[in-house]
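Comments concern the structure below.
Derivation of every value follows stated rules applied to the coordinates shown; laboratory data play no part. Everything quoted here is computed from the prediction, not taken from an experiment. All Cβ positions, even for glycine, are placed from backbone atoms using ideal geometry, and neighbour counts span all protein chains on display.
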Amino acid sequence: MVRAPDTDVGLYRTVRLIRRFEERAVELVRSGDIVGGIHPYTGQEAVAAGVCAALRDDDMITSTHRGHGHVLAKGADPARTLAELTGRATGLNRGRGGSMHAADFRLGILGANAIVGANGAITAGAAWVARQEGGDQVAVSFFGDGAVNQGVLLEAMNLAALWRLPVLFVCENNGYATTLTVADAVAGTITGRGAAFGIPAVTVDGMDPRTVLGAAREAVDRARAGGGPSLIECLTYRFDAHHTWEHRAGVRYRDDDEVRSGRERDPVVIQGTRLTDGERERVDAEIESTMDSAVAFALDSPHPDPAGALDYLYATGMRARPGGGW
Amino acid sequence: MPWLSYQKALNRALADELARDPAVFVLGEDVRVAVSNVTAGLFKRFGPDRVLDAPLSEQAFTSFATGAALTGRRPVVEFQIPSLLYLVFEQIANQAHKFSLMTGGQARVPVTYLVPGSGSRTGWAGQHSDHPYALFAHAGVKTVVPATPEDAYGLLTTAIRDDDPVVVFAPAAALGVRVDIDYDELGPVPLGVGRVHREGGDVTVVAIGHLVHDALAVAEELSGDVSVEVFDPRTAYPFDWDGLAASVARTGRLVVFDDSNRMCGIAAEVIATAAERLDLLAPPARVTRPDGAVVPFALGLDHAVQPDRGRLTTAIQKVLKY
Ligand SMILES: Cc1ncc(C[n+]2csc(CCOP(=O)(O)OP(=O)(O)O)c2C)c(N)n1
Ligand SMILES: [Mg+2]
């Protein structure tokens, strides 16, 4: 796949890949091949695609519990990502991380993180090192609207602003933290959190990949030039459940009208209309074949050997005592 | 030979590692002017890129260190109060510690967390006097509690060079300990290797941190009647089980002297393992803080919850009755 992610075709390819990846992943949850379920990214593809299209290969990202889109947009191999979700030895994390911890350090993907708001400070540390080494890489921290009430994230914003670190704080405001609305959770505004630290903060349409790309470019340029961090609030909508667990649990917190109107603006459709029919069909076919082989690769891959359950617990190779017997 | 204090040993280890490895940096509160004394002179010598004063944002600067470690640095994070480790338990136990396994070995997080002044500081009351090394040992984070200046130097050095997160507890009650030592003899001390400070044939006292010195004093006091072996594990986790087994093989009796709370403390684990693995001539005993101790302010109350020499003496005598 040619990497020109910031063109219209490139943006479409990314949003389409993420969409089809998530749809196939949900099928694999239903079939029992993915245990534990996933947090589908469906509907929010424009954010990952737009932001990552503004990045270079040597830039870094950290992600969240809803992280497949970010990881794929930063270039992770869909087959190895799916192998991770299905807990296979060939997965990005050798089956040790799963959906919420996918990482590929060679691609600057410093890990998805399952603790809401936890990744901002980690991102700041990585950005500081880049600066110290004289590089101009930037580091992106993706997080949801739920994270803006986490103290550690606000502390991280303070550090990043204080030390003028090349960090992009990207808030995906999908309106909900699980079932809790932003109106019920956020006093003041999300951009106001950035403004409090003197961090330039904008709110953009997070359903349009081009718009997100434009905002990300501006922030990335500023960060590379030594201008410090930015906060981008992307207004978006989660098309699917908070977590696939919800498909069966049937909790009600969004009425059908809201979901219907929320899904009306679809990032894949919005970006798709910018391509000719021929271009779009070519990309769609390409993605179908990518996903077919990704699913086949994942399901044909070996499960990790239970004897190695605690491999990698210590980077030094130190072995922990087993849980029973001498 | 020159005198080396425990505090100076920590300072020297930091300075030597900063000089040896450009990846090392120190981060914490008031570390430039060295309020804890442990970072004295480092800012002047190594400058602002290696010695960073952080705002009072323990959670953020602890995970900042994780991010720096993931991208090649070896941060040393200093904490002013042992109980600040509760604030950052998530950042250490749930983030830094888990990256290696969760990423399938892609990541390493070589951060050292240094607490210069852990345990009771006499008169600092409930929120400044904890000694939570057992908590980190329980979580599987490498945890060291050096007793002597030379081990403080050696273990801090090793912690910094180790590719995993390591918590270094420097007991407040040990900071003033001094040894007469040739500086050339200072060097790294491996994790998980204990040290017999005094050989004996009747009973093994496992003592941790500053309690090593109290154990040695008691051993000396009792030396007319009992031959006490003092075994200092030096690292709470990984624990030197082979060293313990060798000592108990010589003595057949065991007392553990541990500044943790009794419930799930290090002493509890040592005794459980001894019961599973070792041949004991008598039921073992432990001297610890009480269950769920909150250190009270008034001096007499503070002392009443500390494991002390009197209680150790009683425990030794009881174990020897069998
Ligand atoms: C600190 C923390 N609290 C609670 C949870 C449980 N939890 C997981 S996702 C989530 C909602 C997060 O909402 P948001 O940040 O808006 O992200 P979204 O799920 O909408 O993408 C919650 C409460 C968690 N993982 N971490
Ligand atoms: Mg949300």
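Just a few scattered comments:
- For a label point 7 Å along the Cα-to-beta-carbon line of A:A4, residues of segment A:263-288 with backbone N under 19 Å: A:271-287
- Taking every DSSP bridge with both residues inside segment A:8-308, close to 10 percent are antiparallel.
- Under 5 Å from the amide H of A:M60 lie the amide H atoms of A:V138, A:A139, A:V140, each residue being 5 or more positions distant or on a separate chain, with H modelled from the backbone and absent for Pro and chain starts.
- Remark: mean inter-chain Cβ contacts per residue of B:89-102 equal 5, using a 10 Å Cβ-Cβ cutoff to other protein chain atoms.
- On Cα atoms only, tilt of B:266-277 relative to the major axis of chain B in degrees: 60 degrees
- Cβ-based charge dipole, segment B:67-221, positive-most Cα from B:Q127, B:Q106, B:L191: B:Q106
- Between helix B:309-320 and chain B: long-axis angle, C-alpha atoms, 0 to 90°, nearest 10: 50 degrees
- Subtracting the Cα-Cα distance of B:D242 and B:D49 from their residue separation scaled by 0.36 nm leaves 65.3 nm.
- For segment A:8-308, the square roots of the Cα gyration tensor eigenvalues, ordered a ≥ b ≥ c, give a/c below 1.5, which places it in the rounded category.
- Net charge in the neighbourhood of B:E220 (other residues with Cβ under 15 Å of its Cβ; Lys, Arg +1, Asp, Glu -1) is -4.
- Overall size of the protein assembly as shown from C-alpha positions, given as principal axis extents largest first: 96, 53, 44 Å.
- For the protein assembly as shown, DSSP calls about 15 percent of its internal beta bridges antiparallel.
- Since only B:Q91, B:V141, B:A268 are under comparison, the one whose Cα sits farthest along the positive direction of the charge dipole of chain B, derived from C-beta charges on Lys, Arg, Asp and Glu, is B:Q91.
- When both bridge partners sit in segment B:195-319, DSSP labels roughly 20% of those beta bridges antiparallel.
- When only alpha carbons of segment B:3-185 are considered, Rg and Dmax amount to 15.2, 46 Å.
- Theoretical FRET efficiency, 1/(1+(r/R0)^6), r = Cβ-Cβ of A:R263 and B:D30, R0 41 Å, to 0.05: 0.15
- Counting only alpha carbon atoms, the long axis of helix B:149-161 and the longest principal axis of chain B meet at about 50°.
- Computed about the Cα centre, the dipole magnitude for segment A:8-308 is approximately 560 debye when only Lys and Arg (+1) and Asp and Glu (-1) carry charge, each at its Cβ.
- Measuring nothing but how far apart in sequence close Cα pairs (under 8 Å, 6+ apart) lie, relative to its length, chain B scores a relative contact order of 16 percent.
- The separation of segment A:142-210 from segment B:116-185, counted between C-alpha centres, amounts to 38 Å.
- Computed from the C-beta positions of B:A275 and B:Q317 and an R0 of 22 Å, the FRET efficiency is 0.55 to the nearest 0.05.
- Shielding by other protein chains, A:146-155, mean Cβ within 10 Å: 3
- Judged by the mean number of other Cβ atoms found within 10 Å, the most tightly packed of the peptides A:38-51, A:275-288, A:140-153, A:191-204 leads the ranking A:38-51, A:140-153, A:191-204, A:275-288.
- Relative contact order, percent, segment B:3-185 [alpha-carbon distance under 8 Å, six or more residues apart]: 27 percent
- Neighbours of A:G97, meaning other residues whose beta-carbon lies under 10 angstrom from its beta-carbon, give a summed charge of +2 when Lys and Arg score +1 and Asp and Glu score -1.
- For the pair segment B:67-88 and segment B:210-253, the centres of their Cα atoms are 31 angstrom apart.
- The orientation-averaged projected area of the convex hull spanned by the Cα atoms of segment A:56-181 comes to 7.7 nm².
- Dipole magnitude (debye, nearest 20) for segment B:18-106, charges at Cβ of Lys, Arg, Asp, Glu: 360 debye
- Computed extension gain for A:D305 through A:S289, at 0.36 nm per residue and net of the alpha carbon distance, reaches 2.8 nm.
- Each part reduced to its alpha carbon centroid, segment A:1-76 and segment A:280-318 end up 15 Å apart.
- In terms of surrounding Cβ atoms within a 10 Å radius of their Cβ, B:K8, B:K142, B:K98 rank from fewest to most as B:K8, B:K98, B:K142.
- A dipole drawn for the protein assembly as shown from +1 and -1 charges on Cβ atoms has a positive end, and of A:H65, A:H101, A:F197 the residue lying farthest that way is A:F197.
- Stretch gain in nm, segment A:A183-A:V202, where the contour uses 0.36 nm per residue and the Cα spacing is subtracted: 5.0 nm
- Simple spin-label estimate for A:A296 and B:A304 in nanometres, 7 Å along Cα-Cβ: 7.6 nm
- Net charge in the neighbourhood of A:G146 (other residues with Cβ under 14 Å of its Cβ; Lys, Arg +1, Asp, Glu -1) is -1.
- Per-residue ellipticity at 222 nm computed for chain B from its helices equals -10000 deg cm²/dmol, with DSSP H segments shorter than 4 residues left out and the rest contributing -39,500 (n - 2.57).
- Assigned charges on the beta-carbon of Lys, Arg, Asp, Glu; the protein assembly as shown dipole about Cα centre (debye): 300 debye
- Relative contact order (%) - segment B:195-319, alpha-carbon pairs under 8 angstrom, separation at least six: 26 percent
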